[in-house]
Amino acid sequence: MKKQHFVIFITFVFLMACQKNKRELYSVKGQQISTDSTVTDNKNVSDFIAPFKKHLNTQLDSVLCKTPIDLTRDDGELESSLGNLMADICFTQGNPVYKKQTNKEVDFVLFNYGGIRAPIAKGNITARNAFEVMPFENEMVVVELSGEKTATLLQYLFTSKLAHPIANLSLKLNKEGYQDVFINKTPFDVTKSYYVLTSDYLQEGGDKMNFLKAPISLHKTDYKIRNAMIDYFKKTDSIIPNLDNRFTYAN
């Protein structure tokens, strides 16, 4: 009985000691540090990173291919040269990867207009261009959508009326909604499910694309959009602009 009281006493003392030593946040202070042109370089740091910087710039600025015109996201009404290129590249590069990983094929591609962050000027195309177009670490994922959710996706395109990059998908917009929808050159069937290649950001509901959340299935390719662009540029001599009326208004 005495042993039991001793254990209880020791436990009580320990708990009281912990309470007395409990630490609480007293204050939080912040200081703004300017990083504009008035900041001088640290020579030791600059000298240390100089070889790495030179090597990186050499890699980024090496010519991969060429384009005969400026590629932008706003040279069309509902499609664009750069949007079509980006979507086509991701289908060309991403579908074989997805097929190898799952033995299935992508039905079509969807990205967002706002995800294209810079144009590509006429002339040489470099890896730096790919980083400027896609500065984020977004990866390609493939979602399996029901026919009903695919219809919601099409309605989203009608409502937003922006040149969202698409590939292997064509449709026309009229005053009431969409028409003449073809996926992989086959008429859209609301009773079928479709495999849609997109970015991990959009799949999580980015740009209010909530129809991509909670799909029938989700597959992560572990392949960055930027890397897909660089891989494509490396094996292509000249980029041919492709405005093919895949997304347009009905007459």
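The values are calculated or read from the model by the stated rules, or taken from the named source; none is laboratory data. On a predicted model such as this, the values are computed, not experimentally measured, just so you know. Counting neighbours? That spans all protein chains shown, and the Cβs are built from the backbone with ideal geometry, glycine included.
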* In the stretch 136-165, what residues are in contact with a Gly (Cβ under 9 Å, 6 or more places away or on another chain), within 21 Å of Met229 (Cβ to Cβ) and not in a loop (DSSP other than H, G, I, E, B)? -> Met140, Val142
* Of the residues that make up the stretch 225-242, is at least one surrounded by fewer than 18 Cβ atoms within 10 Å (Cβ to Cβ), in contact (Cβ under 8 Å) with a residue 12 or more places away in the chain, farther than 23 Å from Arg128 by Cα and of a type in the set (D, E, K, R)? -> no
* Asked: For the stretch 77-88, does any single residue satisfy the condition of being in contact with a helix residue (DSSP H, G or I) (Cβ under 6 Å, 6 or more places away or on another chain), assigned to a loop (DSSP other than H, G, I, E, B) and over 18 Å from His219 (Cβ atoms)?
  -> no
* Does Lys161 meet the test of being over 23 Å from Tyr98 (Cβ atoms) and loosely packed, with under 15 Cβ neighbours inside 10 Å? -> yes
* To do: Answer yes or no: is there a residue in the stretch 121-135 that is in a loop (DSSP other than H, G, I, E, B) and in contact with a Lys or Arg (Cβ under 6 Å, 6 or more places away or on another chain).
  => yes
* Residues satisfying the stated conditions in the stretch 60-87, i.e. over 19 Å from Gly123 (Cβ atoms) and of a type in the set (S, T, N, Q) -> Asn84
* To do: Any chance you could count how many residues in the stretch 161-189 are without any contact (Cβ under 8 Å) to a residue 24 or more places away in the chain and either touching a Phe, Trp or Tyr at 6+ places or on another chain (Cβ under 6 Å) or under 13 Å from Phe111 (Cα atoms) (or both)?
  => 1
* Within the bounds of the stretch 65-74, is there any residue that is loosely packed, with under 13 Cβ neighbours inside 10 Å and free of Cβ contacts under 8 Å to residues at least 24 places away in the same chain? -> no
* Structure fact -> Scanning the stretch 33-64 for residues that are in contact (Cβ under 8 Å) with a residue 24 or more places away in the chain and outside any helix (DSSP H, G or I), the one surrounded by the most Cβ atoms within 10 Å (Cβ to Cβ) turns out to be Leu64
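Between Thr186, Thr150, which is of a type in the set (Ser, Thr, Tyr) and either surrounded by fewer than 18 Cβ atoms within 10 Å (Cβ to Cβ) or closer than 17 Å to Glu77 by Cβ (or both)?
Just a single option satisfies the conditions, and that option is Thr186.
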* To do: Working only within the stretch 229-251, note down all residues that are within 28 Å of Thr152 (Cα to Cα) and of a type in the set (Gly, Ala, Ser).
  => Ala250
* Only one of (1) free of Cβ contacts under 8 Å to residues at least 12 places away in the same chain; (2) touching a strand residue (DSSP E or B) at 6+ places or on another chain (Cβ under 8 Å) is not met by Lys99, so which one is it? -> (2)
* Name every residue in the stretch 101-128 that is under 20 Å from the mean Cα position of the chain (by Cα), of a type in the set (Gly, Ala, Ser) and more than 24 Å from Lys161 (Cα to Cα), in order of residue number. => Ala127
* Output for the stretch 146-175, where each listed residue is hydroxyl-bearing (Ser, Thr, Tyr) and within 22 Å of Ile116 (Cβ to Cβ) -> Tyr156, Thr159, Ser160, Ser170
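For the stretch 105-112, does any single residue satisfy the condition of being assigned to a helix (DSSP H, G or I), touching a residue at least 24 places away in the same chain (Cβ under 8 Å), surrounded by 13 or more Cβ atoms within 10 Å (Cβ to Cβ) and among the hydrophobic types (A, V, I, L, M, F, W, C)?
For the stretch 105-112, residues assigned to a helix (DSSP H, G or I), touching a residue at least 24 places away in the same chain (Cβ under 8 Å), surrounded by 13 or more Cβ atoms within 10 Å (Cβ to Cβ) and among the hydrophobic types (A, V, I, L, M, F, W, C): absent.
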* Among residues of the stretch 41-55, those that are polar (S, T, N, Q) and at pLDDT below 75, counted -> 1
* **Unmet criterion (only one of (1) aliphatic (A, V, I, L, M); (2) within 15 Å of Leu82 (Cβ to Cβ); (3) in contact with a Pro (Cβ under 9 Å, 6 or more places away or on another chain)) for Leu145** => (2)
